[in-house]
Amino acid sequence: MLLSPIPESLPVPSPPYPVTPDGRYFVVRGRLWRMSNPALPAEERSRLQRELMSARSALGRARKAGDDEARLLARRRIDAAKVALGERGPPWWPDGAPDYNRRMAVNTPYRPWFEGLGPG
C-alpha cells in the first residue's frame with residue numbers, strides 16, 4: 001500500500017533519481033531518502049539549501065585542517081539545515097504515515113513500486 005500523495009498544487013523538485021509516487025522520498029542504490037518539504041516557500045528552500053552547502057563546505061575544510069571543534073559545529077549546521085528542509089526530524093507530511101527515511105525500498109510498502117522500476 002502506497003501512502004497518500006502530496007497535493008498536486010505543491011511543486012516537487014525532480015532529482016536525477018527515482019522519486020516515490022507520493023513525492024516523499026527519492027531512491028539512491030535502493031535506499032529511500034526523504035525529500036525536502038515541498039510546502040516550503042521557494043525563497044526559504046533556496047536559503048536553506050545554500051546554508052546546507054555552506055555547512056558541508058565548512059565540514060570539508062574542518063576535516064582537512066583537523067579542527068575537531070569546527071567539524072562538530074559544521075555537523076550541527078548541516079543537521080539544522082536538513083531538519084529545517086524537512087529531510088530529517090519529524091516527517092513533513094500531515095497524515096501521520098510512518099517515516100521510511102534511510103530504509104531499503106524493498107523493506108517498505110514502496111517495494112512493488114520500486115521493483116516495477118526495473119534494473120538500473
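Throughout, read-outs are computed from the coordinates displayed, never taken from laboratory work. Please read these numbers as outputs of a predicted model, since none were measured by experiment. Because the Cβ atoms are built from the backbone with ideal geometry, glycine has one as well, and the counts that use them run over all protein chains shown.
In the chain, helical runs assigned H by DSSP with n ≥ 4 each contribute -39500 (n - 2.57); averaged across all residues and rounded to the nearest 500, the mean residue ellipticity at 222 nm is -13000 deg cm²/dmol. Candidates Asn37, Pro18, Leu73 compared by Cα position along the dipole of the chain: farthest toward the positive end lies Leu73, with charges placed on Cβ. Most tightly packed first, judged by the mean number of other beta-carbon atoms within 10 Å of their residues, the peptides 72-83, 90-101 read 72-83, 90-101. Computed from point charges on the beta carbon alone (+1 for Lys and Arg, -1 for Asp and Glu), the dipole magnitude for the chain about its Cα centre is near 600 Debye.
Assuming a ≥ b ≥ c are the square roots of the Cα gyration tensor eigenvalues, decide whether the range 41-85 counts as rounded (a/c under 1.5), prolate (otherwise, with a/b larger than b/c) or oblate. In terms of gyration-tensor shape, prolate.
Here the label points at Met104 and Leu117, each 7 Å from Cα along the C-beta direction, are separated by 1.5 nm in the simple model. Given the choices (i) 16.3, 63; (ii) 16.5, 52; (iii) 16.1, 48, Rg and Dmax of the Cα atoms in Å derived from the coordinates of this structure is entry (iii). Shape call for the range 61-120 from the C-alpha gyration tensor, a ≥ b ≥ c root eigenvalues: rounded (a/c under 1.5), prolate (a/b greater than b/c) or oblate? Verdict is oblate for the range 61-120.
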